[in-house]
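Trainee: Pasting in a structure now, in structure tokens, and then I'll have a few things to ask.
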Amino acid sequence: MRGSNGGVSIWPKCIKLARNSWARHSCTKLFVGGLSYDTNEPVLKDTFGKHGEIIEVKVICDHMSGKSKGYGFVRFTSETEAITALKEMNGQLLDGRQIRLEFAHKG
């Protein structure tokens, strides 16, 4: 791609680098949906900790009531651990609810 000055534009390369950086980052973080409203962060950490080392666990709560919204996030130290957890935990029961997992992404 040529820039207006006749040189080669760096924009496609920058976009590609940004996408690759984002992809690596997001491959360690899982979205966990379908959580019981009683599932808390220690339960989530204990459950997913069996699949690898966890950096962060977050259950999303309503700001006003403080009650769970029924979803959260788990971030692993490695992509391999996240993939293993996703494969083994997607569709499993946790606190009486069938949870669904996918890689988290910014949106």
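A short reminder: the numbers here are calculations on the coordinates, not readings from a lab. For clarity, every value in this text was computed on a predicted model and none was experimentally measured. Here the Cβ is made from the backbone with ideal geometry for all residues, glycine too, and neighbour counts use every protein chain on show.
Trainee: Each label point is 7 Å from the Cα along the Cα-to-Cβ direction; what then is the distance between the points at Lys69 and Phe103, in nm?
Mentor: Label at Lys69, label at Phe103, 2.3 nm between them.
Trainee: Sticking with this one: Got a sec? How would Glu41, Glu81 order by Cβ neighbour count within 10 Å, fewest to most?
Mentor: In order of increasing Cβ crowding within 10 Å: Glu41, Glu81.
Trainee: Now, a different point. Please report His105, His63, His51 as a ranked list, fewest other C-beta atoms within 10 angstrom at the top and most at the bottom.
Mentor: Ordered from fewest to most neighbouring Cβ atoms within 10 Å, His105, His63, His51 come out as His63, His105, His51.
Trainee: Given 37 °C and 0.692 mPa s, compute D for the stretch 28-103 with the Stokes-Einstein relation, Rh being the Kirkwood radius over Cα pairs; round to the nearest whole µm²/s. Before the final figure, lay out the partial values.
Mentor: Details: Rh = 12.1 Å.
D, rounded to a whole number, is 271 µm²/s.
Trainee: Which aspartates and glutamates have a Cα less than 14 Å from the Cα of Lys67, not counting those fewer than 8 places away in the same chain?
Mentor: Those aspartates and glutamates meeting the cut-off are Asp38, Glu41.
Trainee: Note down the nm distance, to one decimal, between modelled labels 7 Å out along Cα→Cβ at Asp38 and at Asp95.
Mentor: About 0.9 nm, to one decimal.
Trainee: How far apart, in nm, are two points set 7 Å out from the Cα along the Cα-to-Cβ line at Thr77 and at Ile60?
Mentor: Taking the simple label geometry, Thr77 and Ile60 are separated by 2.8 nm.
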